[in-house]
1. May I ask you to say which residue of Gly63, Gly21, Gly56, Gly9 is of a type outside the set (S, T, N, Q) and at pLDDT below 95?
2. Restricting to region 1-23, and then to whatever is under 19 Å from Thr96 (Cα atoms), in contact (Cβ under 8 Å) with a residue 12 or more places away in the chain and of a type outside the set (S, T, N, Q), can you tell me which residue is surrounded by the most Cβ atoms within 10 Å (Cβ to Cβ)?
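The values are calculated or read from the model by the stated rules, or taken from the named source; none is laboratory data. This structure is a prediction, so every number in the text was calculated from the model and none was measured. Using ideal geometry, Cβ is built from the backbone for each residue, glycine included, and neighbour counts are taken over all protein chains shown.
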Amino acid sequence: MQKINLKKGDTVKVIAGKEKGKTGRIMKIISKRDRVIIEKVNFIKKHQRPDAKGKGGILEKEGSIHISNVMYFCGKCNSAVKIGHKVLDDGKKVRTCRDCNEIIEA
């Protein structure tokens, strides 16, 4: 497992793979497998068996992407950037954009 600097709700950009260039919000982080699920990116087809109500068929849902294939997307820089850490004067540790030094609120 690698250290994950991203959090649920962060906007990220896909930098590798078939979905390269797309951006979206993180819906879920699967830390044991180093993967993230991004909203409206990497759709897969899931064959759902009908339940007692008769609901079934082929469903489309978001698949997971490895954490190394995404980068944080800074709205101020309007590009994918690395995340840095900074300790404020009051002792609070915050995440920052490495390009514009903007504090990342999450």
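1. Just one listed residue meets the conditions, Gly56.
2. Filtering region 1-23 for residues that are under 19 Å from Thr96 (Cα atoms), in contact (Cβ under 8 Å) with a residue 12 or more places away in the chain and of a type outside the set (S, T, N, Q), the one surrounded by the most Cβ atoms within 10 Å (Cβ to Cβ) comes out as Val12.
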